[in-house]
């Protein structure tokens, strides 16, 4: 049995979950691996609040740097959050050759390249399973189980708050704002909710996934991001009737050496596995060129699930350190190339859901169809709903695959028609084919 | 970059998939990990048949032992199948300190303890991701991502042939024999199909999962096994109407230190993720005490998916070997204890689906209900179907949780009733609560 001394920076929700997990199952982990995890130091500015966990005397400190510089500490767990002081702590630890475990997706999205390179230069590792998909071992699956695969595509439901809101909107038929307010009251959504519902949190995770899939740090600017704010209950109903569900998806693909990347609400067929992911659960659907379709599902957030992922990384970092492994695959995979080529957004081919409001006049629909035709957009199905009391007829269209630039142009032209009485709504339809 | 020289024993379906995968993505793997996988030797009794893959001169040999004893070979991939010669080859390689990668669940189920111990004695590893769930990185998730978790339960759909048959029976309403014959014609089921449809293959995988979850080799005798042979189309219809699907499940749980283990067809609610796993796909649902629910989904068989898992193990074994890691967690986790305690089958509490045929006489149902009551079995729902032309009325019952021993006794008493006109059918109902 060998001991590993852990220094934890940040004793918030996840920090407390990690400590609780190690207290509960540390002996089991030691039996399984031969390594005894010891929480030697915990740094937090607030060491007074009761987290419901008792820790030994002298373990708590307000001085994070003293933990980083302590030669008795083997590895550092960064859970302070944010991208400023967390960056400083992470880099300081790595420069001392200490492995760092983090759950901080924003940190990796904003400063990943610097961090991976610092780890490499100092012959150590950064481990970040908990940064994507909470307790789901998705990054580990990508960098170990699927290491022999060229990744063809990844579809991720990566934000529990958004999935919770979408699930309830679908089940209860209530408006976005009402469900959001309730989710906030229940603690399923933060106040303000922007990072979640505007898709930023999903985008942070998407760039980490894409970086690992294609071998270079991906900047946030490479990920066009749309959230679910203000999604109409009628859109949920319309898509439901057509056999689809709306999910906030991270979409990552490679076509002819170019990476396609986005975060957006998208229609997925109800029969697809990913459509069954409900409530606050997360899932990542990965297609590899050797393994074909795989999916990973679990809780994307929460004290213990995220703690579980951090603990998995602690034990791996401990094993790597004790075996003198040096730079792990979680670093080398991110630095295969200096940068990636990206698809021009306008060139991406996709199917779309389009909802228009048209005046109830002869020729309205013909004008619209002429515009689609002129832009090489084929129609897969059209449903014109009963006349609304406002006097306009909602029209729901599913298209075949066409170029994004053509969709943009067509929608602008339709919007300018005098018979179009509201701004058209457009969402991607992903049929996984 | 470091090279690792691989010796493959068995150039059948999976062997060819491994070689194809390495030829296709070997350079990518090297970029990702810094390790270059080189297929140095392939042994098979048949080195004449064209596998559609070109290999270098001198790579093919009919002498497997010469590959094992070759000092230039770093690790051995055992893909000969069966439990006799595969055992010999595996032990020989381990005794020489060479890591062995295998996809052979029968070998592990029958000789796992001997193999894990031989690996440990010789300070090397056995890696067997491909033995359970084909391309799904389920064992790796258990032994790495979820290493901090006590496993509360595992539910696995682990046999693609059975899942394919059940999916088609449900969709097409056809009898078991007809779908089986078609599956055989299409290559989805083997001839004879016994290992698959009688649940043996699933049981092999279940004991490997259980061994890893609870830390000791599990003998096949500890896994009561029922397959899907002869399942009636009417059972599929009945369960469907009640909101359930039938899946062949491996069920693994721990209650108060006792392991519960079985393979059996079971009803699962249609709304549960695992019910969405259709066709020949596999999935494993794992509940950990820290991470809560997780699920892993993908192709459970096939040349390339299984090859993907073997390749993942090759790269891990290579890294371990190059870093002098010695005995990996895939070995230590299986040998924490010498044996496990198992629940007495009769003591297991479960819900059940029961289908009876009763004569259409006053008091028939009362007799049945009296028996259930006497055995402390509460009824959750009863549906009596229209009288069958044979003059008997099919009765479909879902129970609450009760003891297996009570079910056995109650069914025997009901079967002996003069009003019971056919042998009662009973299946487990698993509601994951």
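Computed values, structure above
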| item | result |
| --- | --- |
| Length added when fully stretched, residue B:237-residue B:69, from 0.36 nm per residue minus Cα-Cα | 54.8 nm |
| Distance (nanometres) between label positions extended 7 Å along Cα→Cβ at residue A:381 and residue B:385 | 3.2 nm |
| Cα centroid separation - region B:282-328 against region B:201-224, whole Å | 17 Å |
| Mean separation of Cα contacts under 8 Å (6+ apart) over length of chain B, as relative contact order % | 17 percent |
| Protection proxy ranking of A:292-301, A:54-63 - average other beta-carbon atoms within 10 Å, highest first | A:292-301, A:54-63 |
| Label point 7 Å beyond Cα along the C-beta direction, distances from residue B:258 to other copies (nm, shortest first) | 6.3 |
| Centre separation in Å (Cα based) which lies between region A:25-97 and region B:71-119 | 40 Å |
| Ranking of A:289, B:50, B:196 by count of other Cβ atoms within 10 Å, fewest first | B:50, A:289, B:196 |
| Shielding by other protein chains, A:149-159, mean Cβ within 10 Å | 1 |
| Cβ neighbours within 10 Å from other chains - mean over A:283-290 | 5 |
| Rounded FRET efficiency, nearest 0.05, which uses the C-beta distance separating residue A:171 from residue A:85 and R0 of 35 Å | 0.30 |
| Value of [θ]222 nm, deg cm²/dmol, for chain A, DSSP H segments ≥ 4, -39500 (n - 2.57) each, nearest 500 | -11000 deg cm²/dmol |
| Cα gyration tensor shape for region A:126-184, rounded if a/c is under 1.5, else prolate or oblate | prolate |
| Cα-based radius of gyration of region B:147-299 once divided by 2.2 N^0.38 Å, which approximates compact folds | 1.04 |
| Measure of compaction for chain A (Cα Rg per 2.2 N^0.38 Å) | 1.09 |
| Shielding by partners, peptide A:274-280 (average Cβ within 10 angstrom, other chains) | 2 |
| Protection proxy ranking, peptides A:183-194, A:2-13, average beta carbon neighbours within 10 Å, highest first | A:2-13, A:183-194 |
| Label distances, nm, residue B:82 versus same residue in remaining copies, Cβ-directed 7 Å point | 6.7 |
| Position residue A:381, label points 7 Å along Cα→Cβ, spacing to each other copy in nm (shortest first, one decimal) | 2.8 |
| Global form of the protein assembly as shown, assessed from the alpha-carbon gyration tensor, a/c cut-off 1.5 | rounded |
| Protection proxy ranking of A:74-83, B:30-39 - average other beta-carbon atoms within 10 Å, highest first | A:74-83, B:30-39 |
| Label-point gap, in nm, between residue A:53 and residue B:24 - each point 7 angstrom along Cα→Cβ | 4.3 nm |
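Rule-based calculations on the coordinates, nothing more; no lab input. Everything quoted here is computed from the prediction, not taken from an experiment. Note that we place each Cβ from the backbone using ideal geometry, even for glycine, and neighbour counts take in every protein chain shown.
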